[in-house]
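**Q** My questions all concern the structure below.
Throughout, read-outs are computed from the coordinates displayed, never taken from laboratory work. Keep in mind that this is a model prediction, so the values were computed, not measured. Ideal geometry is used to build each Cβ from the backbone, glycine not excepted, and the neighbour counts take in all protein chains shown.
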There are 2 protein chains.
Amino acid sequence: MTDSHYEALGALLGRGGVLRGADIGPRYFTDWRGEGPVRPELVLRPATTKEMSQILAYCHRESLSVAVQGGMTGLVRGAVPQPGEVVIATDRMTAVAAPDVAGRTIVAEAGAPLQAVQEAAEAAGLFFPLDLGARGSCTIGGNIATNAGGNRVIRYGMTRDLVLGLEAVQADGTVIDAMGSYIKNNTGYDLKQMFIGAEGTLGIVTRAVLRLFPRPQSQAVAYCGLDSFDAVVGFLAHMQTTIGASLSAFEVLWSATYDAICEKVPQVRAALPRGHRFYVLTEMMGSDGARDPERFEETLGMALEQGLLADAVVSKSDAEVRALWELRDGMAHAMGAERPIVSFDISLAVSDMADLEQVLSDRLRAHMADPMILIGGHLGDGNLHLAVRANGVAPEDQPLQAIEREVYALVGARRGSVSAEHGIGLSKRAYLPQSRSPQEIAMMRSLRGALDPKGILNRGRIFG
Amino acid sequence: MTDSHYEALGALLGRGGVLRGADIGPRYFTDWRGEGPVRPELVLRPATTKEMSQILAYCHRESLSVAVQGGMTGLVRGAVPQPGEVVIATDRMTAVAAPDVAGRTIVAEAGAPLQAVQEAAEAAGLFFPLDLGARGSCTIGGNIATNAGGNRVIRYGMTRDLVLGLEAVQADGTVIDAMGSYIKNNTGYDLKQMFIGAEGTLGIVTRAVLRLFPRPQSQAVAYCGLDSFDAVVGFLAHMQTTIGASLSAFEVLWSATYDAICEKVPQVRAALPRGHRFYVLTEMMGSDGARDPERFEETLGMALEQGLLADAVVSKSDAEVRALWELRDGMAHAMGAERPIVSFDISLAVSDMADLEQVLSDRLRAHMADPMILIGGHLGDGNLHLAVRANGVAPEDQPLQAIEREVYALVGARRGSVSAEHGIGLSKRAYLPQSRSPQEIAMMRSLRGALDPKGILNRGRIFG
């Protein structure tokens, strides 16, 4: 990194637009997994798409590799800079326009926090359904680059389903303005799809047109105890048929996970007695404030009568809705309380989940005495989070690697996904071949080669 | 086309797998717009993905251009062979597997008719929501290649939203097996998106994993008369808020279109008196057979009270549901009854639709005396079908070209889409630049270059 780069990029971005040396705070090399390997030599903070285009054109010409950053809340080491990389941060591109109420769209710049978009929608009487724990820090650009999921995918889809149009800057500085605001637009290739979920390796998203929805007129949550996996599957089908498109969550905890939450997370209160084999949080977000609560209770009553549920409680207030969700969200805290732990974010066919705990436990016993396996997550979307604690081993010990190998081998054998919503980044690239064939990876490489021939964007992420 | 090609390809596909000369019936060079420019010299009918791979590898090696065919129901001349092209038809790849009921998925081969998939889903107690008039002839492969839309996009999305995974064969014969069955799968680039809506120019889809839904438990349709465009917009918002995710159609006819249907289409019966400025067909497909009809009536009652609706009728039986839909579908017949006519399939922001008829009429009067403008369609998705009859001119006259230029210039100026659901094919490629920037088109070309470097797949479609 020479002084001439600093001068040239400073001339493009002005004061505050380029940081170096001690001006570079830890936020530019730290994500939720901790500090990255190096403090970057340069941080570029474009304030406009034009500036983004100019600095990328420069970096491309000079063959400078860049690490693209949003809110630094990713879980797969996609955004911390690697040695030699210049950081491009979107933290000066945070504008959120007033929603188009009739068209039910909103335009936001990449660096806008998710929560700012949610709040702008709400202020206009509308609803932006994407929601994650990191809502206050994560950015729309990061959500798009990683195709973020979250709790309400079952009803509203992934981030991909919420993006109508976007603008992105390619590696050489070319601006792709695909800011359409239409659900239906079959005019050649749907280029926005190329940037969504590509983890910044095919271009840098600078703005997006997002879908908004009518604000739900009702919300009800139930916490249920079930005594077999067949009952879980039957209950999901029952909810999908009776609640239909208003079913907004179907989250399952395996009993060990529920126990761990009750034991390890002080702020939550157990909604149901321990001892059931599975616990389900299910939610309805409907459009009929008058009839929905009755419908929801009736639906649960039918499930109790049919023997699908062993026990259930239903929220009676907004405070109870929050309390039941906290009990579900306690999973992350319970997993975080265990050390050393290896955690996963996988998709599997529902029929391949029934024996997951048992099969995994058997396999892991070849490597360790008493593995603790916590399973839970968005079963309604086929997505589970899973964590394994290796008792009595140090973090650097071999058993941790054995856990990764065993879990991913099992996921691969069942044609599951080694990353349902977190992405690949640097952390999971060794396991990409468990979910993708050599032909698919070759196709990814040719797309990457076509759009970023010098490979300057987030180099090494996704692919080895 | 030499005998050696015939021999080599025949050796790969066997008897019935290769047609030439008089064995090639008109179905292989005729689509819904009529016969294409030439009878092809060879038609290849692979029966398996492996055969598809082998013939594409051969065509790639020999630089033979191919035209890919599904059900030949496209409207933009994408599938009729051009001079020198070999036809690849999917009419021997029509298998539909039994649905996975728990996972709510179904696997179909590319040549399976849409209706066969609908029926297989229904036989398993499930629902495949994609539906078009051509359901009996159009194929799943064609639906995917063109990202087909249809009447229920407002609730269930486009074909893109219904494809969980697919298998495609690239130009050089490489098989991309992306047959995942998960909603959530963030393992590198979402390659299936590259093949959906690419009109066969990036690979040939051979199989797909499709999403199924619970069968709706209720269906109700209303036909409404409204006296201003503001009322239409207000009524749409009202329905979206009160019916929410169960709103399955919101179709609008401009008054001239309603009049034309009543006058020109003998089999339909007017549901409402003529004289309103707009007519809306709206539909609810809900999950509560007991409460939904009451909810629907109540919602319409509120809209009448608020002055949004001037008049409304509600279906009381399945026969009435069908009759009201026939009145909506009469639009295509009414447009077809006029000659000469130029028809369009556009997306526009709803706020840009209010003055569409007036502005277009003013512009067209520069070219012709008394243009008849029929407008209607899926307003809830921002998608209108529009047809203009040029009175007193012959089909080959200049005014028809003037109509195309004026309509597309208006759509381009309003940043609309020149093709909402039909695609580009050969018919609309001259107008692609009205909806796509030079940078976007350049990016499309580089993707095409990366995946089909010799340009053998559906050459000339989409791009000039």
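**Q** Quick one: compute the contact order of chain B, relative version, from alpha carbon pairs under 8 angstrom and 6+ residues apart, as a percent.
**A** RCO, chain B: 15 percent.
**Q** Quick check: Cα centre of the stretch B:1-61 to Cα centre of the stretch B:64-101, how many Å?
**A** Result: 11 Å between the Cα centres.
**Q** Further question on the same structure: Measuring nothing but label to label, 7 Å from Cα along Cα→Cβ, what are B:Gly125's distances to the other copies in nm, shortest first?
**A** 4.2
**Q** By count of other Cβ within 10 Å, fewest leading, how are B:Phe229, A:Phe128, A:Phe195 ordered?
**A** B:Phe229, A:Phe128, A:Phe195
**Q** Step through the residues of the stretch B:29-46 one at a time and calculate ³J(HN,Hα) from phi using the Karplus curve (6.51 cos²θ - 1.76 cosθ + 1.60, θ = phi - 60°), rounding each to whole Hz and writing x for Gly and Pro.
**A** In residue order, the calculated couplings are 9, 10, 10, 5, 8, x, 6, x, x, 9, 7, x, 7, 9, 10, 10, 10, x Hz.
**Q** Short version: ³J(HN,Hα) in whole Hz for each residue of the stretch B:320-333, in order, from phi by Karplus 6.51 cos²θ - 1.76 cosθ + 1.60 (θ = phi - 60°), x for Gly and Pro, what are they?
**A** Whole-Hz 3J(HN,Hα) from phi for the stretch B:320-333: 6, 4, 5, 5, 5, 5, 4, 5, 5, 5, x, 3, 5, 5.
**Q** What number in nm² do you get for the stretch A:218-333 if you take the convex hull of its Cα atoms and divide its surface by four?
**A** 6.5 nm²
**Q** Hey, what do the phi angles of the stretch B:259-268 turn into as Karplus ³J(HN,Hα) couplings, whole Hz, using 6.51/-1.76/1.60 and θ = phi - 60°, x for Gly and Pro?
**A** In residue order, the calculated couplings are 4, 5, 5, 4, 7, 9, 10, x, 6, 9 Hz.
**Q** Taking 2.2 N^0.38 Å as the expected size of a compact globular protein, what ratio does the Cα radius of gyration of chain A give against it, to two decimals?
**A** Relative to the 2.2 N^0.38 Å estimate, chain A comes out at 1.02.
**Q** How far is A:Met302 from the same spot in each other copy, in nm, shortest first, if each label point sits 7 Å from Cα toward Cβ?
**A** Label-point separations across copies, in nm and ascending: 2.4.
**Q** How far apart are the A:Gln267 label points across copies, placing each 7 Å from Cα toward Cβ, in nm, shortest first?
**A** Spacings between copies for this position, smallest first, are 6.3 nm.
**Q** So for each of A:112-120, A:67-75 I average, over its residues, the number of other beta carbons within 10 Å; can you give me the resulting order with the highest mean first?
**A** Per-residue mean Cβ counts within 10 Å order the peptides as A:67-75, A:112-120.
**Q** Can I ask one more? Kirkwood Rh over alpha-carbon pairs of the stretch A:365-464, then Stokes-Einstein at 37 °C and 0.692 mPa s: what D in µm² s⁻¹, rounded to an integer?
**A** It diffuses with D of about 211 µm²/s by this estimate.
**Q** Other chains' Cβ within 10 Å of A:325-333 residues: what's the mean?
**A** Mean shielding count: 0.
**Q** Kindly work out what percent of the DSSP beta bridges joining two residues of the stretch A:19-136 are antiparallel, to the nearest 5.
**A** Around 50 percent of the beta bridges assigned by DSSP in the stretch A:19-136 are antiparallel ones.
**Q** Place +1 on the Cβ of every Lys and Arg and -1 on the Cβ of every Asp and Glu in chain A, take the dipole about the Cα centre, and give the residue among A:Ala121, A:His238, A:Met93 whose Cα lies farthest towards its positive end.
**A** A:Met93
**Q** How large is the Rg to Rh ratio of the stretch B:270-321 when both quantities use alpha carbon positions and Rh follows Kirkwood?
**A** 0.98
**Q** Which whole number gives the average, over all residues in A:210-219, of C-beta atoms from other chains lying within 10 Å of the residue C-beta?
**A** Mean inter-chain Cβ contacts per residue within 10 Å come to 2.
**Q** Taking a 22 Å limit on the Cα-Cα distance, which of the listed pairs A:Lys184/B:Lys192; A:Lys264/B:Lys184; A:Lys184/B:Lys428; B:Lys50/B:Lys192; A:Lys454/B:Lys184; A:Lys50/B:Lys184 fall beyond it?
**A** A:Lys264/B:Lys184; A:Lys454/B:Lys184; A:Lys50/B:Lys184
**Q** Around A:Asp362, what is the net charge, scoring Lys/Arg as +1 and Asp/Glu as -1 over all other residues with Cβ under 14 Å from its Cβ?
**A** My count for the surroundings of A:Asp362 gives -2.
**Q** Related question: Using the count of nearby Cβ atoms within 10 Å as a rough guide to exposure, how do B:Arg274, B:Arg135 rank from fewest to most?
**A** If I rank by nearby Cβ atoms, fewest first, I get B:Arg274, B:Arg135.
**Q** Give me the inter-chain shielding for A:226-232: mean count of other chain Cβ atoms within 10 Å, whole number please.
**A** Average neighbour count from other chains, rounded to a whole number: 0.
**Q** Using the 2.2 N^0.38 Å rule of thumb for compact globular proteins, work out how the stretch A:105-214 stacks up: its C-alpha Rg over that value, please.
**A** Rg over 2.2 N^0.38 Å, computed on Cα atoms: 1.00.
**Q** Calculate the translational D of the protein assembly as shown in whole µm² s⁻¹ from Stokes-Einstein, where the hydrodynamic radius comes from the Kirkwood formula applied to all Cα pairs, the temperature is 4 °C and the viscosity 1.567 mPa s.
**A** 45 µm²/s
**Q** For the stretch B:249-289 and the stretch A:439-464, what is the separation of their C-alpha centers, rounded to whole Å?
**A** 51 Å
**Q** Follow-up question, since we're still on this one. As a footprinting exposure proxy, order B:Ser228, B:Ser343 by other Cβ within 10 Å, with the fewest listed first.
**A** Least to most surrounded, the residues fall as B:Ser228, B:Ser343.
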